[in-house]
There are 2 protein chains.
Amino acid sequence: MTPGDIKKLLEKIPEWEVATDDGISRLQRTFSFKDFKSAIAFTNKVGELAEAEQHHPKLVTEWGKVTVVWWTHSVNGLHQNDFFMAAKTSELHAD
Amino acid sequence: MTPGDIKKLLEKIPEWEVATDDGISRLQRTFSFKDFKSAIAFTNKVGELAEAEQHHPKLVTEWGKVTVVWWTHSVNGLHQNDFFMAAKTSELHAD
């Protein structure tokens with residue numbers, strides 16, 4: 001993906017940011033919850049989505065928050081599919 | 001806890017390391033699994049332990065691995081209880 005492609009798709013999921021870690025661009029968003037139990041419930045919902053789509057994020061679960069990070073190993077960065085998964089993740093949170 | 005206390009307790013859980021993040025000492029260990037599903041199952045087991053003990057770690061779930069990080073907010077670092085929770089976490093993995 002070109003920087004232009006990324007910018008354009010990012011406009012559709014404005015709550016997400018591109019974070020670079022280990023030189024790899026990733027889509028990242030932190031979701032807030034009222035306690036640990038609600039946070040881990042969301043981790044599981046995203047986990048089910050990941051299994052269904054066979055594309056797996058990094059999920060950082062803490063008391064009251066979950067940070068979800070999407071990227072594509074095979075391209076060492078972002079693929080259109082990551083933007084799709086990010087949008088789906090936001091939908092899960094909105095449900 | 002003094003550095004001597006930490007060293008002594010760390011000898012009892014040699015698979016764990018003290019990692020410093022944001023100037024806060026934390027106990028950290030990465031557990032390996034054969035896939036994402038097994039990793040998230042372990043995340044849930046540690047989550048149940050956390051709820052039972054009302055002490056909550058940071059859980060980083062990825063394809064094939066879970067990193068568990070224990071520390072105590074109220075002391076901005078390590079408390080004896082974190083070593084107890086780390087040992088319990090290792091037992092869950094051994095089960």
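Only residues that are open to solvent by 50 Å² or more (accessible area, probe 1.4 Å), in contact (Cβ under 8 Å) with a residue 40 or more places away in the chain and out of contact with any Phe, Trp or Tyr (no Cβ under 8 Å at 6 or more places or on another chain): list them for segment B:6-20, please.
Within segment B:6-20, B:GLU15, B:VAL18 meet the criteria.
How many residues are small (Gly, Ala, Ser) and either within 14 Å of another protein chain (Cβ to nearest Cβ) or open to solvent by 60 Å² or more (accessible area, probe 1.4 Å) (or both) if we restrict to segment A:76-95?
Total meeting the criteria: 1.
How many residues does segment A:1-15 contain that are over 13 Å from the mean Cα position of the chain (by Cα) and not in a helix (DSSP H, G or I)?
Counting residues in segment A:1-15 that are over 13 Å from the mean Cα position of the chain (by Cα) and not in a helix (DSSP H, G or I) gives 4.
Quickly run through segment B:57-86 and pick out the residues that are among the small types (Gly, Ala, Ser) and within 8 Å of the chain's Cα centre (by Cα).
B:ALA86
Going by what's in this entry, would A:ALA52 be described as outside any helix (DSSP H, G or I) and small (Gly, Ala, Ser)?
When the stated conditions are applied, A:ALA52 does not pass them.
May I ask you to list the residues in segment B:48-75 that are within 10 Å of chain A (Cβ to nearest Cβ), farther than 23 Å from A:GLU53 by Cα and surrounded by 22 or more Cβ atoms within 10 Å (Cβ to Cβ)?
B:ALA50, B:HIS56, B:PRO57 - these are the residues of segment B:48-75 that are within 10 Å of chain A (Cβ to nearest Cβ), farther than 23 Å from A:GLU53 by Cα and surrounded by 22 or more Cβ atoms within 10 Å (Cβ to Cβ).
Considering only segment A:36-95, state which residues are in contact (Cβ under 8 Å) with a residue 60 or more places away in the chain and of a type outside the set (A, V, I, L, M, F, W, C).
Matches in segment A:36-95: A:GLY77, A:HIS79, A:GLN80, A:THR89, A:SER90, A:HIS93.
Look through B:VAL60, B:VAL18, B:VAL66, B:VAL46 and report the one residue that is of a type in the set (A, V, I, L, M) and either at pLDDT below 95 or in a helix (DSSP H, G or I) (or both).
B:VAL46
Just checking, does segment A:26-39 include any residue being open to solvent by less than 10 Å² (accessible area, probe 1.4 Å), within 12 Å of chain B (Cβ to nearest Cβ), closer than 24 Å to B:GLU53 by Cβ and assigned to a helix (DSSP H, G or I)?
yes
The values are calculated or read from the model by the stated rules, or taken from the named source; none is laboratory data. Owing to the predicted nature of the structure, the values given are computational and were not obtained by experimental measurement. So basically every Cβ, Gly included, is an ideal-geometry build from the backbone, and we count neighbours across all protein chains shown. These area figures cover heavy atoms from the full protein model, side chains too; ligands, DNA and RNA do not enter into them. Shrake-Rupley method; radii C 1.70, N 1.55, O 1.52, S 1.80 Å.
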